[in-house]
Amino acid sequence: MMPGTALPFDFNRESLMADASGALYWPDQKTLVVADLHLEKGSAYAKNGSHLPPYDSRETLRRLALAIDAYGPTRVICLGDSFHDDDAAGRLPDDDRATLQAMTAAMDWIWIAGNHDPAPPAGIDGLTTAEFRAGELIFRHEARKRSSPGEVSGHFHPKAGVNARGRRVTGRCFVADGKRLILPAFGAYTGGLDVHDPAIESLLQDKYTVLICGRARVHRIPREVVRRREAAEETREPRLI
Amino acid sequence: MRANAPLKRPRRDNGGPDGQLAIDLPGALPDRFADWFASRGWRPHPHQLALLDAASRGKTTLLIAPTGGGKTLAGFLPSLVEIAEGGARGLHTLYISPLKALAVDVHRNLQMPIEEMGLPVTADTRTGDTSQHRRKRQRETPPNILLTTPESLTLLLSYADAPRMFRNLRCVVLDEVHALAGNKRGDQLALCLTRLQALAPECRRVGLSATVAWPDALCRWVAPDAKADSVHLIEGGGAVDSEVRMLVTREKMPWSGHMAVHALPEVYDEIRKAGTTLVFVNTRAQAEIVFQELWRVNDDNLPIALHHGSLAREQRQKVEGAMAEGSLRAVVATSSLDLGIDWAAIDLVVQVGAPKGVSRLIQRIGRAGHRLDTPSRAVLVPANRFEVLECRAAMDAIREETLDGEPPQPGGLDVLAQHVMAMACSAPFHPDALYAEIIRAAPYAEITRAEFDDVVAFVDHGGYALRSYDRWRRLEALPDGTYRAASPAMARRLRMNLGTIVEANTLKVRIKRGPFLGEVEEYFALGLEIGDTFIFSGQMLRFEGIREMTVEASRAPGDAPKVPAYVGGRLPLTTHLADRVRAILARPAAWGALPDQVREWLNIQLWASSLPEPSALLVESFPRGDKHFTVAYCFEGRNAHQTLGMLLTRRMERAGLAPLGFVATDYVIAVWSLKPVSNVAELFDEDMLGDDLEAWMDESSMLKRTFRNVAVIAGLIERQYPGQQKTGRQVTFNSDLIYDTLRRHEPNHILLQATRRDAARGLTDISRLAGMLKRAKGNILHRRLDRVSPLAVPILLEIGKERVEGSAIDLMLDEAAQELIAEATTGAP
């Protein structure tokens, strides 16, 4: 997960960079965009007896800090579902909370409201809004069926796989058609939904591009190569949601 | 009665040593039992009487006897006598079997002596299939004898009424102990036994086992205090007399493949000549193909059936029923029939494919004849030339009566975590008392108090260094220092997730708008494209798609299927047998015992490359397709090769050779990469054990798989049940992500310790590897070839198991893109 190894691409007349960490960088506006951090997802499961390691926020923030160090943005946009639930911000361990507070205080910070976190996070800096516009782009949590061009969103946690040399390789991915761009989830505990899932595919025009995050690089994969996921693949891991 | 031919088949000859010993122990058998034996025209086996004697002195006993020794009756005889003569209050004897079906079968056979002697004994089974109503009744009014499985026993012990149910328990019969000791189901059973011991201190144990190479370790496992001396060991009878031969075929022996299709006409001839034949294969895919091919040549329309673990339960039960009635001539089966069920009379056992292990082969062969005084007849059918060597080696081993197998390893910490929670659901426990209790189980005898406390902390609140989940504890601490389950919800969660078997994800297979046929592993279904054909449940199917977690198929004509590749039952070869194969290869003088074609094959290898020799390590390298292969003939066993494969790929990764994968068998390790290996000596340098081992341990995908199992068993994440599948936009939870995060932030967490222990238990054989690398230093015979060598063919067919991570992923992603670009641009104007 090494930032700085980004793939440049054009979207709605803007030049953007897809980072292997799953972050998007917009050089003209010195803006870093991340989606679906799901902070404190781990502790959200604890009340049902699944004591997941309480390190997901720490890990997510560590990766975010690396991306910030690599690009030096003046503005960060979090595309919603930044917190896993209403009181996730309140559950942040003190260290992690201090880390996040330092980040949000140091630059313009936009919290797009998501379905998991409709309200502003208590006691943490930043502007909470449903939408944010800049340049030719509009940022919101969930893509709309009818949207003007230039929509950048998260929510769906897209991932994609290709079959190569008889093996299947999968990764989180960016997916873009001419009008909209969907970012992969950035959170340490966030899984993925195959881009062929109707929930995602029905939003996209026929021709779309998939940018898969590898270990150190981002790969542009034409849609025809992306191997269709069969329903079965979703069951690979025990399900917690 | 399982493994007790006399109950099913009256013996014509009652003389011999069995009868002699009965006379030495006059009065050991009460009159009505002696009369019953006599009325059937039988005499008790000496070990049956020895068990009776041991039981009367309250001793825990381990009976090791070959199949056909009447073991199970031996186990029950003392209980029947005790209950019949002295009466019983409630549950007297608990019988535990590794198989549900075996418990049911034993129950049926147990009814015979009970009914015929009119004994005042009640017996019942309890498994996952037992109705809710019957289970409730069993807890209220337990039968005198309860036949069950380790999982059902764990569940019983998790209830608050366990002390009442088990307080009068006098005896636990553990059947097929060799199949449980050393795995996680066995770990769980061992822990449950310590609890039973606490509830009923008077209870004695009877272990029943097939012949094993490590009787002492098995004694410790059965013992109430993990000490071999506490157990009275009875070894019943010598090895089974057997006539084993290798099948001679008209067709040429294949160079590769595992299906032995070439030999099936001859196998069919054998079936026709015998009364009843059991055809054992190693994998489910083999079972399907062999079954299909046998029917192709079945001109006489003989009733030949198929039995393997992927088939629907009703289908399996139908076959089992027909076999018991004696209405079948042959059954093609995987290890699903290795244990247990007592078929009427099996005249012949056919082993298709490599035997993989001597002990296991002896057990399979023991299914034929099935009585101590009848020699077992068996035919080995090698599927390729390499397997001929293995069959030859196995026959030598049987003749020389050498056994294989590893003694049981220390128990899993994840299983302990589940046990701790289960005990907390039954009654409050004090950590001091529970620790003292569990270290009486052999798999946990060495566990330290600190490890135990870490496990308890994990169960309670996750046991993390950063912070504990104090608000959402799973245990409630009581003022007297004991702990109990924090809420009924926590107890329910435990019971829903009980057990140590974490199944590979499978999908149901059904005919479109038709019947349900069975299940296939998910990755197999994922590899199918609509229109692909495959053989399943003995018929040709066309893949129509996946709907709602079910593979839909239609019946298809034709006979060239895409072979089902699901691995059900893939077993590693024992190192003992591997050593024997190596010895055969190294001595051309010994090749006289091999078929001509195989001798020829070895001679061609000698000409095209070299033969592996004891004094040097043979390494071949050659290009194939767009990859470069490096094949090393190490003969150190599959475990050591697995580790070696991971270390080699790691080292190649660093050297920029872009390794893509490796595959290990017991003989050979093959690695393939995008770039060729030039310096073999450097690649195999022994310092890799120090440099790379730890780093590898932490990163491999094998560890992630192990972690997933540990996390489920320990109760960190819940099992998934059918009907709970994710729908629409819900997002899956990925245990790999948890693993990566936990490893970075708390590398010594108890679950990671448990994961590493399991991985070491399953995959590493470091000292063997170290010895091999040391011997290879300066002694590597490197042959650069322009194509695959005869000896390397079999391993190339094994490819496709271990995933390689790292830069190869990026390379492959690039290539996938480029392939398409090339395709799209070729021929463009």
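The values are calculated or read from the model by the stated rules, or taken from the named source; none is laboratory data. These numbers were taken from a predicted model, which means no experiment stands behind them. Cβ: placed from backbone, ideal geometry, glycine included. Neighbour counts: every protein chain shown.
Considering the conditions (1) touching an Asp or Glu at 6+ places or on another chain (Cβ under 9 Å); (2) at negative phi; (3) within 8 Å of chain B (Cβ to nearest Cβ), residue A:47 is excluded by exactly one of them, (1).
Identify the residue in the stretch A:179-198 that is assigned to a loop (DSSP other than H, G, I, E, B) and without any contact (Cβ under 8 Å) to a residue 60 or more places away in the chain and, among all such residues, is nearest to the other protein chains (Cβ to nearest Cβ). Steps first, please.
So the first thing to find is which residues in the stretch A:179-198 are assigned to a loop (DSSP other than H, G, I, E, B), and the list is A:179, A:183-184, A:186-192, A:195-197.
Adding the requirement that they be without any contact (Cβ under 8 Å) to a residue 60 or more places away in the chain leaves A:191-192, A:195-197.
Values: A:191: 4, A:192: 7, A:195: 13, A:196: 12, A:197: 8 Å.
The extreme case among them is A:191.
Looking at the structure I just gave you, is residue B:144 on the phi < 0 side of the Ramachandran plot, surrounded by fewer than 23 Cβ atoms within 10 Å (Cβ to Cβ) and not assigned by TED's automatic domain parsing to the domain that holds residue B:710? For residue B:144, the condition - on the phi < 0 side of the Ramachandran plot, surrounded by fewer than 23 Cβ atoms within 10 Å (Cβ to Cβ) and not assigned by TED's automatic domain parsing to the domain that holds residue B:710 - is not met. Restricting the stretch B:266-295 to residues that are free of Cβ contacts under 8 Å to residues at least 40 places away in the same chain and touching a helix residue (DSSP H, G or I) at 6+ places or on another chain (Cβ under 9 Å) leaves a set whose member that is nearest to residue B:788 (Cα to Cα) is B:293.
In this structure, does residue A:69 turn out to be more than 14 Å from every other protein chain (Cβ to nearest Cβ), more than 24 Å from residue A:182 (Cβ to Cβ) and in contact (Cβ under 8 Å) with a residue 60 or more places away in the chain? Yes. For the structure I just gave you, tell me whether residue B:585 is away from every other protein chain (no Cβ under 14 Å) and at pLDDT below 80. Here the answer is no, as residue B:585 does not meet what is asked. Being touching a residue at least 40 places away in the same chain (Cβ under 8 Å) and farther than 26 Å from residue B:336 by Cα is a description that does not apply to residue B:251.
So that you can scan it fast, the table gives a plain yes or no per residue for (1) modelled with pLDDT of 95 or more; (2) farther than 23 Å from residue B:423 by Cβ; (3) outside the structural domain of residue B:55 (by TED's automatic domain parsing):
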site	(1), (2), (3)
B:184	no, no, no
B:191	yes, no, no
B:209	no, yes, no
B:219	yes, yes, no
B:228	no, yes, no
B:246	no, yes, yes
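Looking only at residues of the stretch A:31-40 that are over 9 Å from the mean Cα position of the chain (by Cα) and closer than 16 Å to residue A:79 by Cα, we find that the one that is surrounded by the most Cβ atoms within 10 Å (Cβ to Cβ) is A:39. Taking (1) farther than 20 Å from residue A:43 by Cα; (2) at pLDDT 95 or above; (3) buried (at least 21 other Cβ atoms within 10 Å of the Cβ) in turn, residue B:500 satisfies each apart from (2).
Per-residue answers, yes or no, for (1) closer than 23 Å to residue B:404 by Cβ; (2) free of Cβ contacts under 8 Å to residues at least 40 places away in the same chain:
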position: B:579; (1), (2): yes, no
position: B:584; (1), (2): yes, no
position: B:589; (1), (2): no, yes
position: B:592; (1), (2): no, yes
position: B:599; (1), (2): no, yes
position: B:604; (1), (2): no, no
position: B:610; (1), (2): no, no
position: B:616; (1), (2): no, no
position: B:619; (1), (2): no, no
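Of all residues in the stretch B:291-306, those satisfying the criterion of being in contact with a Gly (Cβ under 9 Å, 6 or more places away or on another chain) and modelled with pLDDT of 90 or more are B:291, B:295, B:305, B:306. The residue that is surrounded by the fewest Cβ atoms within 10 Å (Cβ to Cβ), counting only those in the stretch B:474-486 that are more than 9 Å from every other protein chain (Cβ to nearest Cβ) and not hydrophobic (A, V, I, L, M, F, W, C), is B:479. Does residue A:122 satisfy the criteria of being modelled with pLDDT of 90 or more and either more than 14 Å from chain B (Cβ to nearest Cβ) or more than 17 Å from the chain's Cα centre (by Cα) (or both)? Against the criterion (modelled with pLDDT of 90 or more and either more than 14 Å from chain B (Cβ to nearest Cβ) or more than 17 Å from the chain's Cα centre (by Cα) (or both)), residue A:122 does not qualify. Cβ separations smaller than 7 Å between residues 6+ apart or across chains give the following pairs from the stretch A:199-223 residues that are at negative phi to residues that are among the β-branched types (Val, Ile, Thr) and at pLDDT below 80: A:210/A:226; A:214/B:809; A:215/B:809; A:216/A:5; A:217/A:5; A:221/A:162.
Among the candidates A:89, A:143, A:105, single out the residue that is within 14 Å of chain B (Cβ to nearest Cβ) and outside any strand (DSSP E or B). Criteria check complete, one pass: A:143. The set of residues in the stretch B:79-97 that are more than 11 Å from residue B:147 (Cβ to Cβ) and in contact with a helix residue (DSSP H, G or I) (Cβ under 7 Å, 6 or more places away or on another chain) comprises B:80, B:81, B:91, B:92. Is one or more of the residues making up the stretch A:120-136 over 23 Å from residue A:61 (Cα atoms), of a type outside the set (Lys, Arg) and in a loop (DSSP other than H, G, I, E, B)? Looking for residues that are over 23 Å from residue A:61 (Cα atoms), of a type outside the set (Lys, Arg) and in a loop (DSSP other than H, G, I, E, B), one finds at least one in the stretch A:120-136, hence yes.
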